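The values are calculated or read from the model by the stated rules, or taken from the named source; none is laboratory data. From a predicted model like this one, the values you see are computed outputs, not experimental measurements. Quick reminder, even Gly has a Cβ in these numbers, built from the backbone with ideal geometry, and neighbours come from all protein chains shown. Heads up: the accessible areas ignore ligands, DNA and RNA and are worked out on the full protein's heavy atoms, side chains in. Shrake-Rupley method; radii C 1.70, N 1.55, O 1.52, S 1.80 Å.
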Amino acid sequence: MITTELSNVGDIIQTQRDFFKTGKTKDVNFRIEQLKNLRQAIIEHEESIVEALKADLHKPTVESYLTEIGVIKEIDYAIKYLKTWTKPKKAPVSFDFFSYSARIYPEPLGVVLIIGPWNYPFQLMISPLVGAIAAGNCTIIKPSEIASHTSAVVAKIIAKHFDPAYITAVEGGVEASQKLLAEKFDHIFFTGGTAVGKVIMAAAAKYLTPVTLELGGKSPCIVDTDINLEHTVRRITWGKFINAGQTCIAPDYLLVNKKIKKDLIDGLEKSFKEFYGDNPANSPDYARIISQKHFDRLVNFLKDGEVIIGGENQPSERYIAPTVIDNVSLEDSIMQEEIFGPILPVIEYTDIGEAIALINSRPKPLALYLFSQSKNLQKRVLQETSSGGVCINDTVMQVGVSSLPFGGVGDSGIGNYHGKASFDTFSHYKSVLQNSFWLDLKWRYAPYEGKLPLIKKFLG
Ligand code: NAD
């Protein structure tokens, strides 16, 4: 391990606190330099990142560039706008505050902790780090032990390109996480499952540490009749089966208008062939399940409902074919847990009200997808449901738009990031009010006698 030894966690946090106190990270030019440094480090290690992702998830090279190394776009966005984001903003004051001026100053929080998951193990470590650097913090990152090859590469890159007093990686599993969580941080940014999210929040409560929780859940995908079928099936196939379905915002299940269900299923089958050939097991473009444990969990879901496409699997390779399941009951385990794999249940509805009621009867999802050209239907779904985000007539692409804050609501998470939202997440906005000395009206000072009518007048 090239990373900080666990026994030294307390020391490294202290070293980072000392470094933060020097004020170096408050200099905007220093932050820009470090963002450029991170960008350069990623480019230098592109090959090892791709290799590690292949070893962990059999991730196709194109997907690695698109969804992991593509984090460079976030770095560029931060570099481009950082000087604007860091400028204090004037705030308006009302007439009765005429001798004052008000400003809002963003300031870094201090030493922050970022804990990552295994499914996009590079991007989900680096993307929040971009926000932490941009906002001027010192950072400890803890990659997921389950994507062990990528964890090692991340740790190597960080150790080679950054002073550990500024940014360091701590590798390890639950024990490492818990050791870190026993310490005081100024912010904890966590990406992972809802159950562990609760553990993180409980640990943070001990020090009143603010948290960002990027969690998961079951993201529904509604398919209406008013669509371009060919585009719809391709966009669903891509969003569901990229990274073999191990994507927090993958469509978890389909809610399909009964009138179009058969055409949709036929279309999906056709697009599976178009994407992955007759046997996806031989496709270089199809990933594998991360671990035996997750493979077993997913294979268990195949017992629910009726497999109508796919279902083939190979334990030795941790391969599960792109699968569609019909006739599931809402009580089946596949409809109770986040699937997080290449299995897509299809539930039909006759009236959109049924689909909306089903969504609203469950915890608020991270993403909601709607395929429909009907403006009325779009308006109704937006108005009557709540989710972290919504993408209409596509899947997953919302995550790539830096100007859109990304995060959950309710069980799917707390807070958000990407672009300016990342800077905001890792900043404190300090309100500053300034008075001048050219006048000092006595209306608010004691003695109060005779002043009440004037104060009442002020209050309107
Ligand atoms: P996880 O919650 O099991 O693990 C995430 C991290 O927490 C890992 O680094 C792990 O070492 C650590 N951890 C695990 N148990 C812990 C404990 N008891 N105490 C302290 N730390 C602990 O999540 P995962 O399996 O790596 O990822 C899958 C989940 O993450 C899915 O639910 C998915 O939807 C969600 N996810 C969400 C997003 C998002 O952006 N909202 C992105 C990717 C994944």
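With the alpha-carbon atoms of segment 202-312 aligned to their principal axes, the span from lowest to highest coordinate is 54, 35, 27 Å, starting with the largest.
When the chain is fully extended, how far beyond the present Cα-Cα distance does Leu208 get from Tyr65, taking 0.36 nm per residue of separation?
47.7 nm
Under the simplified labelling scheme, the Lys451-Ala182 pair shows an inter-label distance of 5.4 nm, with each label point 7 Å from Cα along Cα→Cβ.
For segment 417-423, backbone phi angles converted through the Karplus equation (6.51, -1.76, 1.60; θ = phi - 60°) give residue-by-residue couplings of 7, 5, x, 4, 4, 5, 4 Hz, Gly and Pro being listed as x. If you bin all the Cα-Cα distances of segment 220-407 at 10 Å, starting from zero, the percentages per bin are 9, 39, 38, 13, 1. Projected label points at Val199 and Asn376, each 7 Å from Cα along the beta carbon direction, are separated by 5.0 nanometres. Only one residue of Gly216, Asn243, Ile133 has its Cα farthest out toward the positive end of the dipole of the chain, where Lys and Arg carry +1 and Asp and Glu -1 on Cβ, and that residue is Ile133.
Contact order for the chain, expressed relative to its length and based on alpha carbon pairs under 8 Å spaced 6+ residues apart, stands at 18 percent. Annotation: amide H-H contacts under 5 Å for Ile146 (H modelled 1.01 Å from N, sequence separation of 5 or more, or interchain): none. For segment 151-256, the average shadow cast by the Cα convex hull is 9.5 nm², which is a quarter of the hull's surface. When all alpha carbon pairs of segment 329-450 are counted in 5 Å bins from zero, the resulting P(r) reads 2, 8, 12, 16, 15, 11, 6, 5, 4, 4, 5, 4, 3, 3, 1, 0 %. Put simply, the amide H of Glu348, placed in the peptide plane, has neighbours under 5 Å in Val256, leaving out anything fewer than 5 places away on its chain. Over segment 220-407, accessible surface divided per residue gives 42 Å², non-protein components excluded, 1.4 Å probe. Across all directions, the shadow cast by the convex hull of segment 1-113 built on its C-alpha atoms averages 11.1 square nanometres. Once Rg and the Kirkwood radius are both taken over the C-alpha atoms of the chain, their ratio Rg/Rh works out to 1.05. Here's the list of aspartates and glutamates a cross-link from Lys273 could span, going by alpha-carbon distance under 14 Å and ignoring same-chain residues fewer than 8 apart: Glu230, Asp285.
With both labels modelled 7 Å from their Cα along Cα-to-Cβ, the Glu337 to Asp163 distance reads 4.6 nm.
Counting only protein heavy atoms and a probe of 1.4 Å, the accessible surface of segment 139-273 is 58% carbon and sulfur. By the Cα gyration tensor, segment 69-219 has an equivalent ellipsoid whose semi-axes, rounded to whole angstrom, run 31, 19, 15 from largest to smallest.
Here the extension length gained between Asp326 and Asn279 equals 14.8 nm, from 0.36 nm per residue of separation less the Cα-Cα distance.
Counting only Cβ charges, +1 for Lys and Arg and -1 for Asp and Glu, the dipole size of the chain around its Cα centre is about 2320 debye. Amide H contacts of Gly217: none lie under 5 Å away among residues 5 or more positions distant or on a separate chain (H built 1.01 Å from N in the peptide plane; Pro and chain starts excluded). Packing around the peptides 171-181, 187-197, 154-164, taken as the average count of other Cβ atoms within 10 Å per residue, puts them in this order, highest first: 187-197, 154-164, 171-181. Dipole magnitude for segment 220-407: computed about the Cα centre from +1 point charges on Lys and Arg Cβ and -1 point charges on Asp and Glu Cβ, it is near 440 debye.
Maximal additional length on extending the Asn37-Gln292 stretch stands at 88.1 nm, based on 0.36 nm per residue less the C-alpha distance.
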